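Everything below concerns the one structure shown next.
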Amino acid sequence: MDKGKKRFDVNASSLVDLKAELYRKQEEFKHEKLSKDGGAPLHSKHVKKPNLWSKQNKGVTNRAEKDLEKKVEEESTLDKSKKKLEEKARLYEQMLKGDLPDEETEGLFLVDFTQKIIDNKKAVQAYSENVLSYQKKEVEKEDDIPPPETPEEEWVDYVDSLGRSRRCMKKDLPELLKMDKNLQGKRQEEEVKKTLLSEDMRREMQRQQWEKEEEEALKRPIGPVHYEDIRQGEARELGVGYFAFARDESNRSKQRQTLDMLREQTLDQRTKREKLKEKQTNLMNVRLEKIRQRKMKNLNPDGKQEPPEAVAEENKEIIGPQPVLEPSETGEVNSAPPEKKSKVEVIIQERKDTKPGLPHVREWDRGKEFNFGQWFSKRRDERDPEFSPPSEYFTNQRNSSQATAWKTSKPLHPVDETAVPSSSRTWQPQQDPAPVKEPQTLDDMLAYYRNLT
C-alpha cells in the first residue's frame, strides 16, 4: 500500500446517507426541468451587441411625435375642405335645377343660372330634333327605293364570310357568294374535312398514300435516291435558296443543265467585269506615272528648271498607255523606227456651227441684236451723268490697260541686231504671214484653241 494516501473509513450508514442525498438532488433537477418551458432545455440568452445602424440619433422620437401631430392637423383641415366642397357642389346642382335660395341673392353670383338653365333645355331640344330628323331621313331613303320591275332586281340581305351584313340585288348574289368563297379559301374546307374524318380513317388514307409512293418507287429504275423522293409531303418550308427538282430523271437532268449554264454565264460576266475594271486602273496608273516622269524631266540634276525650248520638245510626246509587252519579250522584230512608235495621229475636228477664229455663240444668244457689252454701253448712255462714277476711275483703268498691252506686245526673246551684218539688213516688203500649221500634239492643239478664243 502507498503510505502517502490517506485512508477513509466508510461504513454502511454513510453510504446510505450519500445515496439519499443523490436521489434528492436528482428529484429536484427533474422537477425544475419539467416546470420551466414545458420541459424545453434551458439556454442562456445571448445579448447581442447593438449595431451601428440600429442606433438612433438624438431627438428622433421627438420629431416623430411632432410629425404625427402635424399629420392629424392636416387630416382635419382636409376633412373640413372636403365637406365645404361637397356643400358647394350640392348648392351648384340645386341652382342648375332652378331651386335658387332667394331671388335677391341671385345678383351676388357671377354665373347667370337662369340663362344656363335655358341653354341646357335648348341643347337637349336641339339634340332630340337632330335625332328625329336623322330617323326621318333614313325612312325617306328606304321609301325612295323604287319597287323592282323584275324579281331579279329585288334587294336581298346576306352575311359574308367575315360576318358582315350586306345588301345586294338578287341577280348579283351568286357572283358575290362565289367571290366570298374564293376569299375564304380552301383552308376552311380542309378543316371541315379533317373534323369529319375519324382518326382511323385518316390513318388509313395515310397508309394508302404510303403504299402508292412505295409502288412508284419499285417501278422506278435503280439509281440514286434524291431528297424529293423521301420528303413524303413534308410541311417544312425550305426557304428561297431551295430548288425543288423534278422526280423524273430526264427532267431533273434538264434542270441541272439550265442551272449550270446560268452559273457559267454569271461567272463569265463577273470575270469580264473584273478584267475591265483592272484594265481601267492600269491605264490610269500608267497615265499618272507618265505625268510624274514628265514633271521630273523638267528639272536638271542640279535642281534647276530646264529652258522652255527643252520643255516644249518634251511636251510633244503624247500622254498615253505604255505597251504591255516590249518587242524583245515577244520575239517580234519591228522595222519601224522608235520615234514613230511614240507618235500618235491627232485628228482635229472643227466646229461646224461657228467660223474659225470667232467665239462660239450659244443657242439661246442666236438672233439677238446686241451682246452683253452693247447692253452695258447702252445703259451707260441712258444714265444721268450726275450719278455716274468719277472720271478718275476710267483714266486709271485706261493707263493700266495700255501698260498691259505694251508688255504683251514686247517680245520675250529680243533679237540682237548687232549679230546681223549691215549688208544683210535690207528692206523687205511685208509679206503675208505664213499659214498656221495644224497642231500635231495635244499641247499644240490646246494652244491653238487658246489663240482662237
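Quick look at the numbers
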{"item": "Efficiency of FRET from Cβ geometry, Arg294 and Arg383, R₀ 60 Å, rounded to 0.05", "result": "0.70"}
{"item": "In nm, spacing of pseudo-spin labels at Leu283 and Arg270 (7 Å Cα→C-beta vector)", "result": "2.5 nm"}
{"item": "Efficiency of FRET from Cβ geometry, Lys71 and Leu18, R₀ 51 Å, rounded to 0.05", "result": "0.10"}
{"item": "Contour minus Cα-Cα distance for Val156 and Glu87 (0.36 nm per residue)", "result": "18.8 nm"}
{"item": "Computed label-point distance, nm, for sites Thr395 and Glu215 using a 7 Å Cα→Cβ extension", "result": "12.2 nm"}
{"item": "In the range 53-136, GluC sites (Glu not before Pro) in a DSSP loop with at most 13 other beta-carbon atoms within 10 Å", "result": "Glu103"}
{"item": "Cβ-Cβ FRET estimate between Asp99 and Gln56, R0 fixed at 56 Å, reported to 0.05", "result": "0.40"}
{"item": "Neighbour-count order for Trp364, Trp155, fewest beta carbons within 10 angstrom listed first", "result": "Trp364, Trp155"}
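Just so you know, all these numbers are worked out from the coordinates, no wet-lab data involved. Just so it is clear, the model here is predicted, and its values are computed rather than measured. Methodologically, a virtual Cβ is constructed for each residue, glycine included, from the backbone with ideal geometry; neighbour enumeration extends over all protein chains shown.
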